[in-house]
Amino acid sequence: MRKVRLGKSGVECSAIGLGCMGMSEFYGPQDDVESMKTLERAVELGVTFFDTSDMYGRGHNEQLVGQLAKGRRDKLVIASKYGVVRDPNGPSGSLYDRDYDNSPAYMRKALDASLKRLGTDYIDIYYIHRLDPKTPIEESVGAMAEQVKAGKIRGIGLSEVSVDILERASKVHPIAALQSEYSLFVRDVETEILPACRRLDIAFVPYSPLGRGFLTGAITSTNSLDPNDLRKNAGHFQDGNIDKNLQLLERVRAVAATHNASLGQIALAWLFGQGDDIAPIPGTKRIKYLEENVASVGIQLTDEEIGSISAVLSPEEIAGSRNWIAPEHQTQS
């Protein structure tokens, strides 16, 4: 398994990681038995990079990853996050209740709680999950830098931030990784964010690298999704948009056939072709899809193939927004 260096943190991870969020909520019901089998299989396949957060399942997700880490902590790169605040006893089935807090006091409290759930004394990459406009980034990163010195964090990460925030944060402490959405479906980061990461020596970790499953070609309608599946409220998946986007995806099948690969594998191979400093974290709770995703690391697309795929799925051609639409405000995009 190829390795990716995560900035100046001294941490290296597998070229592909496993996003664990869906094992706890947002994409249908929990199945801890199947999730643990998938996590164990990931280790067998050479995956070392596991992404979680204190908000996923209100702590449940970190507990799952903590079970995996028992007896093999030094062989895993665990990334977790703080900053999105949800009531641990919040309303059942609610996916939208949240606030934001990046204050040093809350960070220290959240970090200690995450360490306890994970059953470890350090987190490899600790992200600010979403920015809190009340707290200057310098304060947040400065407090996290103290935890690096204390040995509780190995590398500091940010998620979904601007170039200005990246630069300001980097002046306080080197940033190991930026995690933001990036796929053939969502390419906003290509213009300014990726160049800034390379200038500042920050690794890039794409979440939702398969377009929340759309780029696999398996989702042709939201009707088959679980009632609590967040994709039912995503702009790209709304009626009309999904049909247009499926037509674009059909045009990538020829490249997939050339490599005897699935559409999802080609989507991931395209990402690997964007640079050696990129470590995508496709999420799944099923071994079948995990194995398919990991196999994509061995697929090498030519420059011509990368260019043709980029042109077919250009941002101008994609219908709808990547943003979630809360049910009470849902309209067609």
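For the range 204-217, residues that are outside any loop (DSSP other than H, G, I, E, B) and closer than 16 Å to Glu190 by Cβ total 4.
Filtering the range 1-26 to residues that are at pLDDT below 95 and over 14 Å from the mean Cα position of the chain (by Cα) leaves Met1, Arg2, Ser24, Glu25. Screening Val161, Val189 for residues that are within 16 Å of the chain's Cα centre (by Cα), on the phi < 0 side of the Ramachandran plot, crowded, with 19+ Cβ neighbours inside 10 Å and assigned to a helix (DSSP H, G or I) leaves exactly one candidate, Val189.
Yes or no, residue by residue, for (1) in contact with a Phe, Trp or Tyr (Cβ under 7 Å, 6 or more places away or on another chain); (2) modelled with pLDDT of 95 or more:
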residue	(1), (2)
Asp74	no, yes
Ala79	yes, yes
Pro91	no, no
Leu95	yes, no
Ser103	no, yes
Ala110	yes, yes
Ile125	no, yes
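For first residues located in the range 274-292 and more than 20 Å from Ser53 (Cβ to Cβ), partners that are surrounded by fewer than 18 Cβ atoms within 10 Å (Cβ to Cβ) and lie 6+ apart or on another chain with Cβ distances below 6 Å form the pairs Ile287/Arg41.
Would you call Ala203 in contact with a helix residue (DSSP H, G or I) (Cβ under 9 Å, 6 or more places away or on another chain), crowded, with 19+ Cβ neighbours inside 10 Å, at pLDDT 95 or above and over 26 Å from Gly264 (Cα atoms)? Against the criterion (in contact with a helix residue (DSSP H, G or I) (Cβ under 9 Å, 6 or more places away or on another chain), crowded, with 19+ Cβ neighbours inside 10 Å, at pLDDT 95 or above and over 26 Å from Gly264 (Cα atoms)), Ala203 does not qualify. There is at least one residue in the range 168-180 that is at pLDDT 95 or above, more than 16 Å from the chain's Cα centre (by Cα), of a type in the set (Gly, Ala, Ser) and not in a loop (DSSP other than H, G, I, E, B). Out of Ala105, Ala150, Ala145, Ala110, one residue alone is buried (at least 20 other Cβ atoms within 10 Å of the Cβ) and aliphatic (A, V, I, L, M). It is Ala110.
The values are calculated or read from the model by the stated rules, or taken from the named source; none is laboratory data. Keep in mind the model is a prediction, meaning the values are calculated, not measured. Cβ sites come from the backbone with ideal geometry, for glycine too, and all protein chains shown count toward neighbours.
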